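Worksheet: one structure, shown below.
The values are calculated or read from the model by the stated rules, or taken from the named source; none is laboratory data. This one's a predicted model, so the numbers in the text were calculated from it and none came from an experiment. Virtual Cβ from ideal backbone geometry, glycine too; neighbours counted across all protein chains shown.
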Amino acid sequence: MYRIFLVEDDPVIAQTVQRHLMHWGWQVRTAADFSDVMTDFAAFDPHLVLLDISLPVYNGYHWCSEIRKTSRVPVIFLSSASDNMNIVIAMHMGGDDFIPKPFDLNVLTAKVQALLRRTYEFFREQPELSLGGGVLRLNEGVFVKGETRLELTKNEYRILEMLLENRGRTVGRDELMERLWSTDSFVDENTLSVNINRLRRKLEGAGLPDVIRTRKGEGYIIEVP
């Protein structure tokens with residue numbers, strides 16, 4: 001049974017969404033203390049988080065940032081602040097989807113089902129991808145080499161996954177950005193460069209320097225010594 005953690009300070013919305021999702025067979029817990037959301041999050045260990053933006057004490061962006069320090073769990077933002085800027089910020093902070101309020105409960109259910117399926121059911125069937133004596137674990141989003149375990153952000157993981165899937169072939173920047181966009185991440189040229197450089201530093205820390213090579217004017221390629 002999938003566990004869904006709902007962080008919503010409007011009691012009417014929280015109770016309505018909780019009852020509806022539980023009707024679909026999911027276990028749903030609502031946040032009890034908006035000054036310490038992470039304690040509830042850690043105790044419940046959810047498969048998906050529904051997160052409002054306007055919350056008491058700290059807003060949803062803050063809590064999404066805190067969640068991303070320890071987990072890759074999917075996060076769907078729920079908010080009446082649905083202008084383009086808030087949607088962009090939500091994606092930058094690590095959100096996977098954004099549903100504007102007021103919303104139809106059936107639309108919410110469909111998006112929850114789709115995100116759970118993409119995150120858990122699809123990746124169970126995929127093999128690990130190897131690199132320089134280590135493996136990218138697709139069901140966990142981490143790279144492991146010996147006793148070294150690299151926790152990757154969502155974008156770092158997807159970049160490394162695509163480069164490994166195309167090992168030996170140069171992958172263009174546009175291809176990488178299209179992959180990230182197609183999975184609901186917001187990314188531009190600068191964001192891609194930042195993620196590539198951060199991923200390189202992490203791999204170097206695992207004893208794999210210069211694995212991701214830049215082909216000027218073309219893109220990036222995985223080269224294993």
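Going through segment 9-28 one residue at a time, which ones are among the aliphatic types (A, V, I, L, M) and surrounded by fewer than 13 Cβ atoms within 10 Å (Cβ to Cβ)? Val12, Met22 - these are the residues of segment 9-28 that are among the aliphatic types (A, V, I, L, M) and surrounded by fewer than 13 Cβ atoms within 10 Å (Cβ to Cβ). Considering only residues in segment 29-54 that are among the β-branched types (Val, Ile, Thr) and surrounded by fewer than 22 Cβ atoms within 10 Å (Cβ to Cβ), the one that is nearest to Leu78 (Cα to Cα) turns out to be Thr30. Consider Ile99 carefully, then state whether it is assigned to a strand (DSSP E or B) and in the same structural domain as Trp26 (by TED's automatic domain parsing). When the stated conditions are applied, Ile99 passes them. Pairs meeting the criteria (first residue in segment 132-147 and of a type in the set (Val, Ile, Thr), second residue at pLDDT below 85 and in a loop (DSSP other than H, G, I, E, B), beta carbons under 6 Å, at least 6 apart or on different chains) are Val135/Glu128. Filtered by the rule that a residue be assigned to a helix (DSSP H, G or I), of a type in the set (A, V, I, L, M) and in contact with a helix residue (DSSP H, G or I) (Cβ under 9 Å, 6 or more places away or on another chain), segment 1-44 gives Val17, Leu21, Val37, Met38.
Against the test of being without any contact (Cβ under 8 Å) to a residue 60 or more places away in the chain and either in the same structural domain as Glu156 (by TED's automatic domain parsing) or in contact with a strand residue (DSSP E or B) (Cβ under 8 Å, 6 or more places away or on another chain) (or both), the options Leu78, Leu21, Leu55, Leu48 yield a single qualifying residue, Leu55.
Kindly provide the set of residues from segment 55-85 that are among the polar types (S, T, N, Q) and either surrounded by 18 or more Cβ atoms within 10 Å (Cβ to Cβ) or part of a loop (DSSP other than H, G, I, E, B) (or both), ordered by number.
Asn59, Thr70, Ser71, Ser79, Ser80, Ser82
Looking for something touching a strand residue (DSSP E or B) at 6+ places or on another chain (Cβ under 8 Å) and of a type in the set (Gly, Ala, Ser) - is there at least one such residue anywhere in segment 66-73? No, segment 66-73 contains no residue that is touching a strand residue (DSSP E or B) at 6+ places or on another chain (Cβ under 8 Å) and of a type in the set (Gly, Ala, Ser).
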